[in-house]
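Participant: Attaching a single structure in structure tokens format; questions to follow.
What follows draws every value from the coordinates through simple rules; no lab data is involved. Note that the coordinates shown come from a computational prediction; the quantities given were computed from them, not determined experimentally. Positions of Cβ are generated from backbone atoms using ideal geometry, with glycine treated the same way; all protein chains shown enter the neighbour counts.
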């Protein structure tokens, strides 16, 4: 994925550091479609803030993927990554806790094993700024839409569908799928999810 320029990061950092948070911590939402570059930018932003002052942590949404066994029971496994394949209410409750509690343990998603791991990351009192990244942080559908009230700054990544399609096909090829299988996976699941995210996006404070 493309990396942000030093000027872009400096501008973002200045804006983040100037925020007077609603709660215990500054909560920054970094949202966008699959392959829009969320994870890359979130990692860059977190590292850049910590280079100045070690007070930031990254919180991915992907730890709230429902387990494959549950998705199989609900006939949702082929749609993994769609809004209904996450524990959305659990994620909303996590964000509530992040804004008010001193220490919170966060689940992470292990992509190599395709499973979520409970309590795999820690947010402590030393973390004053959280970069929360995920597909549905600005999604206009319950219960996801409840999240908006907690963000101190919301950022939406806006990438054309044609570019997302190329990136998603390459992502699946990089994971060992053939060209045809990668194209089918991207076009039958990822791109429909991307369209939903784009079409049902709530307003963001900043669009990149």
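Participant: Diagonalise the Cα gyration tensor of the stretch 4-44 and give the resulting equivalent ellipsoid semi-axes, square root of 5 times each eigenvalue, largest first, whole Å.
Facilitator: 20, 15, 7
Participant: At 10 °C and 1.306 mPa s, grab the translational diffusion coefficient of the stretch 148-208 from Stokes-Einstein with a Kirkwood Rh over Cα pairs, rounded to a whole number in µm² per second.
Facilitator: 123 µm²/s
Participant: How large is log10 of I(q)/I(0) for the chain at q = 0.11, 0.15, 0.17 Å⁻¹ when the intensity is taken from the Debye formula with one equal scatterer per alpha-carbon?
Facilitator: -0.51, -0.97, -1.25
Participant: Quick check on the stretch 1-122: take the gyration tensor over C-alpha atoms, sort the square-rooted eigenvalues as a ≥ b ≥ c, and tell me if it's rounded (a/c under 1.5), prolate or oblate. Present the calculation step by step, with values, prior to reporting the outcome.
Facilitator: Numbers: a/c = 2.32, a/b = 1.58, b/c = 1.47.
Cα axes put the stretch 1-122 in the prolate bin.
Participant: Which of 136, 150 has the fewest other C-beta atoms within 10 Å, and how do the rest follow up to the most? Can you show the working numbers first?
Facilitator: Working: 136 24, 150 19.
Starting with the residue having the fewest Cβ neighbours, the order is 150, 136.
Participant: Let me ask something additional. Highest mean first, how do 173-183, 76-86 rank when packing is the count of other Cβ atoms within 10 Å averaged over residues?
Facilitator: Top of the packing list down: 76-86, 173-183.
Participant: If you rank 75, 87 by fewest surrounding Cβ atoms within 10 Å, what's the result?
Facilitator: Neighbour counts put them in this order, fewest first: 75, 87.
Participant: On to the next question. Of all the C-alpha pairs in the stretch 111-159, what % are more than 15 Å from each other?
Facilitator: Beyond 15 Å sits 63 percent of the P(r) for the stretch 111-159.
Participant: Using Cα-Cα distances under 8 Å and only pairs 6 or more residues apart, what relative contact order does the chain have, in percent?
Facilitator: Across the chain, relative contact order equals 30 percent.
Participant: I would also like to ask the following. What number, in percent, do you get for the relative contact order of the stretch 88-158 if the mean sequence gap of Cα pairs under 8 Å and at least 6 apart is divided by its residue count? Mind showing how you got there, number by number?
Facilitator: Numbers: 66 pairs, mean separation 20.4, N = 71.
29 percent.
Participant: Quick check on the chain: helices-only [θ] at 222 nm, where DSSP H runs of length 4 and up contribute -39,500 (n - 2.57) each and the sum goes over total residues. Nearest 500, please. Don't skip to the answer; put the middle values down first.
Facilitator: Values: 7 runs with 74 residues, N = 208.
It comes out at -10500 deg cm²/dmol, rounded to the nearest 500.
Participant: Of all DSSP beta bridges in the chain, what percent run antiparallel (nearest 5)?
Facilitator: In the chain, approximately 30 percent of DSSP beta bridges are antiparallel ones.
Participant: What percent antiparallel are the DSSP beta bridges of the stretch 89-208, to the nearest 5?
Facilitator: Details: 7 of 9 bridges.
The antiparallel proportion sits near 80 percent.
Participant: Follow-up question, since we're still on this one. Which of 15, 25 has the fewest other C-beta atoms within 10 Å, and how do the rest follow up to the most?
Facilitator: The fewest-first ordering by Cβ neighbours comes to 15, 25.
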